[in-house]
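Working notes, structure below.
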Amino acid sequence: MNNYNTTIKASYLGYVVQAIVNNFVPLLFVHIQSEFGIPLAQITLLITFNFLLQLSIDMFSTPVIEKIGYRASMIVSNATVIVGLLLLTVLPDRFSNPFIGILISVCIYAVGGGIQEVLVSPIVEACPSKNKETQMSLLHSTYCWGHLSVVLLSTLFFTTAGIENWKMLAVLWCTVPAIDLILFTKVPIAKLEANTEEHVGVKELFSQKIFWLMFIMMLCAGASEQAVSQWSSTLAEKGLGISKTLGDLLGPMLFAFCMAISRTIYGFKGHKINLRLFMGISTALCIAAYLIIVLVPVPVIALLGCGLVGFSVGIFWPGTFSTASAMVNGRGTLLFALLALAGDLGCSGGPTLVGTVASHFNDNLKSGMGAAIVFPAVIGIGLFILGLHSSDENERK
């Protein structure tokens, strides 16, 4: 187990790499728009391409990963992130249309981020450990802490060195995937399938009702999280009457901090806590937090409600991963890839539902948030069904 502690730490660092992939370039959007004269509509496409490529990796990477192995896949993942970040400092100046250079760079490092998302969870799950649920929660907390670190350290760099030197910072951020790449050339890696009794294919996996329940719960986990996270800066900006820049920092950072705290608490104390009970309490807390955002007219309280949502949804993603790994009969890599796909679909669908409903009610964002209560509610129903399923299993025994 001592040998695998380094593997787990390398996996933690992998989620920091993904935090860099997802959160560094968005901090530069305003500056990129002015420096290269790129329309805002094109800049928003960078997020779309990043998301679509990571979705594609979720869907289609499993056969390749299983063929070349976990170690080679993680090395390729970190290498593509490094290449993408380095090209970001070069390609925009090499094209007559700088947007093309930026887009190519984003697409390259998005591939690396997608592979990280698919692999780090099954790698940690495969490591010999007595408390896999707590390890999984700590793993996912590192993404939140990574998100906070990227925002804070980048903001500190821009304040001291000037945002015009952002290319230097992009090179500095390459050190994180570089360290992770070196670690994954050396650490021991256990393959998840080695611990399963049956090698289940796609058709067999899809035939299991429990898999589809986990898939739906994972989709709602991503939707519950991002429905608030993606709109928290707007809530802060409009509700508190602050600048967009401050709103972008205050709203998402409060959300990410609270989510990180939740996952870290369970990561250290989870061996003393029943996972399903913790998820059930978190579901009730999440619904209550949504109602605070929707019903309380005081902007500061509504913003604190966003933080409470962050705290309550923290266990949804890692908890569903751990539950699925224990209850679904199937191949580890494929299962985790499909669950990651479901989570990413939810991350896209949740904010979309909020925005669509809000626009239907004269841009009333709280109306959109009210509609999004359906996501934690479905997770609550799923937990109830899981309880019935477990009771049936116990009776059979």
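The values are calculated or read from the model by the stated rules, or taken from the named source; none is laboratory data. It should be emphasised that the depicted structure is a prediction, and the values quoted were computed from it without experimental measurement. Glycine also receives a Cβ, built like all others from the backbone with ideal geometry; neighbour counts cover every protein chain displayed. SASA here: full protein model, heavy atoms, side chains in, ligands and nucleic acids out. Shrake-Rupley method; radii C 1.70, N 1.55, O 1.52, S 1.80 Å.
Rank these by accessible area, largest first, 1.4 Å probe: 359, 207. Before the final figure, lay out each step's value.
On the way: 359 70, 207 90 Å².
In descending accessible area the options line up as 207, 359.
Largest mean-square fluctuation among 251, 349, 239, in a Gaussian network model of the chain whose springs join Cα atoms under 10 Å apart, belongs to 239.
Which log10 I(q)/I(0) values does segment 296-368 give at q = 0.15 Å⁻¹ under the Debye formula, counting every alpha carbon as one identical point scatterer? Debye output, listed in q order: -0.70. Entry note, the chain: the mean residue ellipticity at 222 nm calculated from DSSP H runs of n ≥ 4, each adding -39500 (n - 2.57), is -27000 deg cm²/dmol after division by the residues and rounding to the nearest 500. Ligands, DNA and RNA excluded, the heavy atoms of residue 142 present near 20 Å² of accessible surface to a 1.4 Å solvent probe. Using a cut-off of 31 Å between Cα atoms, the listed pairs 9/67; 269/366; 67/209 include 269/366 as exceeding that distance.
Can you tell me which of 281-287, 212-218 comes out highest on packing, and rank the rest after it, using the mean Cβ neighbours within 10 Å? Before the final figure, lay out each step's value.
Values: 281-287: 19.9, 212-218: 22.1.
Averaged packing, sorted descending, gives the order 212-218, 281-287.
Heavy-atom accessible area, probed at 1.4 angstrom with all protein chains present, ranks 202, 354, 64 as 64, 202, 354, highest first. Dipole magnitude for segment 233-355: about 340 debye, using +1 per Lys or Arg Cβ and -1 per Asp or Glu Cβ, origin at the Cα centre. Give me the percent of accessible area attributable to carbon and sulfur for segment 8-71, probe 1.4 angstrom. Carbon-and-sulfur percentage of accessible area, whole number: 71. The coefficient of translational diffusion for segment 25-92, derived via Stokes-Einstein from the alpha carbon Kirkwood radius under 10 °C and 1.306 mPa s, stands at 113 µm²/s.
Each of 271, 360, 140, 31 has its accessible area taken with a 1.4 Å probe; listed largest first, they run 360, 271, 31, 140. Entry comment: accessible area of the chain is 43 Å² per residue, from protein heavy atoms only and a probe of 1.4 Å.
Among the protein heavy atoms, those of residue 133 account for about 80 Å² of accessible surface (1.4 Å probe, every chain in place).
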